[in-house]
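A short worksheet on the structure shown next.
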Amino acid sequence: MKQVAGPLAATMLVQATVAMAVSVLPVLSPVLADAYGIRSSLIGIYTSLVFAGAIFCTALGGTLVRRIGPIRCSQASLIVAGTALAMSASGPLMAILVFGVVTGMGYGLATPAASHILARVTPAERRGIVFSAKQSAVPIGGLLAGLLAPVLATLFGWQTSIIILATIVTIFSLVIYPLRAQLDDDRDPTVAISLRSPLSAIIEAAREPALRGLTVAAFTFAALQSSIFAIFTAYLVDRGGLDLITAGQAFATLQTAGVVARLALGWVSDHWLLARRLLAIVGIGMTAVCLLAAQLSPSWPLLGVFAMSALVGFVAAGWPGVYLAEIVRSVPAERVSVATGGTVAFSFLGVVVGPALFSTIVTLSGSYGLAFVAFGMVTAGVGIWLWRGAR
């Protein structure tokens, strides 16, 4: 495993940093709502726009990785995400929406590059835990956003806090520069890149029988997970009666539980249970935590709010590493980055649809609980379908 440590650390650094970039504004949604005179639950629209940008670039990422190398692709991810996040602080609400799409484009490049790197260096019997470790960096990024953004916004104002965090994201593109010689050695500058490349990767993922179940699960689970991530601090403030800093700490608790879950589920998929069966159990578990979260009220003790946050994070955020490792198991090595890009594009489509739909249900009905229950019923159906179809 020694040869895996360096590449794994690099991919985790990139993944955590770009995840922080896309989590900053959702964490600050109560402040933004006050600044622009809008409902904080509408932050789901921003998250949907972020991942609309991510869909295109993650599908393109497989081809781009083969042409320029995974480290160069990762550097591009950090630079694009960091620069766009900084521009989101320029003032008008429209700037937040437009540059949210561009931030997502940077985010979308990170996963195909990381999968390409780890598929080269990870033994087959350790892929579950290694890919889950890499994916644990996503909630780490959310954790950092939950802890840092509210404090920085309180000290310096929300716009300055965004610029500070965006600068950190961009600087990390220099940290991974020394790895280009080692990990970009298999790039092929002759690989053609066209606007058809993302579409080809998506079509391949949809047509490949070995990937089809993973694609459905990724779409559905990502829709719920991203909805929870997008609205959680707003939900805790609006329905739980928490202040912004305490809500940010609860959000960080949710993300910490997600880190633990990704490592734990990765180990389980390597040693104990088939990945597709494990994903089925996760789908049904998501229903249970949705029903629990729907009961939140100001009468809950603070300890109960944090316990609920941890449980929701453990169940809703633990699946991506298992799913990405299963992609690697399902296709030949030379197709990993393209298959990952195409399949992850469907998960990002879930992120586009999920938060916008969640926010719409809340806005029209005035009920967060109804949205939680509706989404939970869908994940239960997918979980049962996965269990029956697992081989």
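The values are calculated or read from the model by the stated rules, or taken from the named source; none is laboratory data. These numbers come from a predicted model, not from an experiment. Neighbour counts are summed over all protein chains in view; Cβ atoms, including those assigned to glycine, are modelled from backbone coordinates with ideal geometry. Remember, those area values only see protein heavy atoms, side chains included, never the ligands or the DNA or RNA. Shrake-Rupley method; radii C 1.70, N 1.55, O 1.52, S 1.80 Å.
For the charge dipole of the stretch 21-126, defined by +1 on Lys and Arg C-beta atoms and -1 on Asp and Glu C-beta atoms about the Cα centroid, which residue among G69, T111, A84 has the Cα displaced farthest towards the positive pole? Toward the positive end, the furthest listed residue is G69.
When all alpha-carbon pairs of the stretch 7-51 are counted, what percent fall beyond 17 Å?
Values: 420 of 990 pairs.
Here the tail beyond 17 Å accounts for 42 percent of pairs.
One Cα centroid belongs to the stretch 256-313, the other to the stretch 57-104; the line between them spans 30 Å.
Between M377 and S297, the contour length at 0.36 nm per residue exceeds the alpha carbon distance by 26.6 nm. Here the stretch 216-233 is scanned for amide nitrogen atoms under 18 Å from the site 7 Å beyond the Cα of S365 along Cα-to-Cβ, giving 223-232.
Fully extending the segment from R120 to H271 would add 52.2 nm, taking 0.36 nm per residue of separation and subtracting the current Cα-Cα distance.
Note on the chain: helix-only mean residue ellipticity at 222 nm, from DSSP H runs of 4+ residues weighted -39500 (n - 2.57) and normalised by residue number, equals -28000 deg cm²/dmol.
Within the accessible surface of the chain, defined with a 1.4 Å probe on protein heavy atoms only, the carbon and sulfur portion equals 69 percent. Accessible surface computed residue by residue for the chain, with neighbouring protein chains in place and a 1.4 Å probe, gives 37 Å² per residue.
Rounded to two decimals, what is the ratio between the C-alpha radius of gyration of the stretch 1-103 and 2.2 N^0.38 Å? Let's see the in-between values first.
Working: Rg = 15.7 Å, N = 103, 2.2 N^0.38 = 12.8 Å.
For the stretch 1-103, the normalised Cα radius of gyration comes out at 1.22.
Within the set of other residues whose C-beta is less than 14 Å from the C-beta of A217, count the net charge using Lys and Arg as +1 and Asp and Glu as -1. Summing Lys and Arg as +1 and Asp and Glu as -1 gives +3.
Across all Cα atoms of the stretch 237-379, the radius of gyration (one decimal) and Dmax (whole number) stand at 16.9, 55 Å.
Radius of gyration over Kirkwood radius for the stretch 67-109, both on Cα atoms: the Rg/Rh ratio is 1.09.
A viscosity of 0.890 mPa s and a temperature of 25 °C, combined with the Kirkwood radius over C-alpha pairs in the Stokes-Einstein formula, give the chain a diffusion coefficient of 121 µm²/s. Run through every distinct alpha carbon pair of the stretch 43-159 and return the Kirkwood hydrodynamic radius in angstroms, one decimal place. After inverting the mean inverse Cα-Cα distance, the result is 15.4 Å.
Using C-alpha pairs below 8 Å separated by at least 6 residues, the relative contact order for the stretch 1-102 is 31 percent. A simple charge model with +1 on the Cβ of Lys and Arg, -1 on the Cβ of Asp and Glu and nothing else charged puts the dipole of the chain at about 760 debye relative to its Cα centre. Taken as entire DSSP H runs, the helices of the chain that both span 20 Å or more between Cα atoms along their own long axis and average 0.0 or more on the Kyte-Doolittle scale are 2-27, 43-68, 70-87, 93-108, 137-156, 158-175, 209-238, 244-271, 275-293, 302-316, 336-365, 368-389. Based on the Stokes-Einstein relation at 20 °C and a viscosity of 1.002 mPa s, and on the Kirkwood radius from alpha carbon pairs, the stretch 153-304 is assigned a translational diffusion coefficient of 107 µm²/s.
Reported to two decimal places, what Rg/Rh ratio describes the stretch 262-341 when computed on Cα atoms with Rh from the Kirkwood expression? Dividing the radius of gyration by the Kirkwood radius yields 1.13.
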